[in-house]
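K.L.:
Right, I'll just put the structure down here and ask away after.
Values quoted throughout were computed directly from the atomic coordinates according to the rules given, and no laboratory measurement underlies them. Just so it is clear, the model here is predicted, and its values are computed rather than measured. Don't worry about glycine lacking a Cβ; one is built from the backbone with ideal geometry, like all the others, and counts go over all protein chains shown.
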Amino acid sequence: MAIRNILVVDDSKTELMFLSDLLQKKGFAVRTAENASEAMAQLGVQRPDLILMDIIMPGQNGFQLTRSLSRDPAYSDVPVIMCTSKNQETDRVWGLRQGARDYVTKPVDADELLAKIQALE
């Protein structure tokens, strides 16, 4: 499956702008959400090919949202890459256990992120 449409979920406007700019320059269509409820609303509008998920957000955090998406038959096949400042191995393992397909830490290395996206195609 070719990845074209990416949903970026992050409560930081700076991160949303950075990731959106990076991905759009590489030809991806990008939509953004600042929290879990916005992400669910965006999912209702258009099903993405990939979700980049922050962990630390107000309300439902990225671990919780990833777990609920991975258990929802409508979205369980949409890959999630955790994209977070939480850089402990236990966080990475927990994120993968919640259903994430991969994990990158901030500050995001553009080449690493793009390689991880390409590996999912």
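K.L.:
Under a GNM of the chain (C-alpha, springs under 10 Å), which listed residue has the highest mean-square fluctuation: Gly62, Gly99, Gly44?
P.N.:
Comparing Gly62, Gly99, Gly44 in a Gaussian network model of the chain, the most mobile one is Gly44.
K.L.:
So, one more: Would you mind counting up the charge near Met57? Only other residues with Cβ under 13 Å from its Cβ, with Lys and Arg at +1 and Asp and Glu at -1. Before the final figure, lay out each step's value.
P.N.:
Values: positive: Lys13, Lys86; negative: Asp10, Asp11, Glu15, Glu34, Glu38, Asp54.
With Lys, Arg at +1 and Asp, Glu at -1, the net is -4.
K.L.:
Considering only Val104, Val45, Val30, give the residue with the highest GNM mean-square fluctuation for the chain, with springs between Cα atoms whenever their separation is below 10 Å.
P.N.:
In this elastic network of the chain, the residue with the biggest mean-square fluctuation among Val104, Val45, Val30 is Val45.
K.L.:
While we're here: Considering only DSSP states other than H, G, I, E and B, which trypsin sites (Lys or Arg not before Pro) in region 1-107 qualify as loop sites with at most 14 other Cβ atoms within 10 Å?
P.N.:
Sparse-neighbourhood loop trypsin sites (Lys or Arg not before Pro): Arg4, Lys26.
K.L.:
Would you mind working out the magnitude of the charge dipole of the chain relative to its Cα centre, with +1 at each Lys and Arg C-beta and -1 at each Asp and Glu C-beta, to the nearest 20 Debye? Before the final figure, lay out each step's value.
P.N.:
Values: 14 positive and 17 negative charges, 44 e Å.
My answer is approximately 220 debye.
K.L.:
Let me ask something additional. Report the Rg/Rh value for region 5-120, based on alpha-carbon coordinates and the Kirkwood definition of Rh.
P.N.:
Working: Rg = 12.6 Å, Rh = 13.8 Å.
Result: Rg/Rh = 0.91.
K.L.:
Can you tell me, using C-alpha contacts under 8 Å and at least 6 residues apart, the relative contact order of region 5-120 as a whole percent? Intermediate values should be presented prior to the final figure.
P.N.:
Details: 183 pairs, mean separation 25.1, N = 116.
Taking the mean separation of contacting Cα pairs over the length of region 5-120, I get 22 percent.
K.L.:
Within 10 Å of each residue's Cβ, count the other Cβ atoms and sort Leu96, Leu43 from fewest upward. Before the final figure, lay out the partial values.
P.N.:
Details: Leu96 15, Leu43 20.
Ranking Leu96, Leu43 by Cβ neighbours within 10 Å, fewest first, gives Leu96, Leu43.
K.L.:
Here is a further query. Positive end of the dipole of the chain, charges at C-beta (+1 Lys, Arg; -1 Asp, Glu), about the Cα centre: which of Ala39, Thr84, Ile55 has its Cα farthest in that direction?
P.N.:
Looking along the dipole axis, the top candidate is Ala39.
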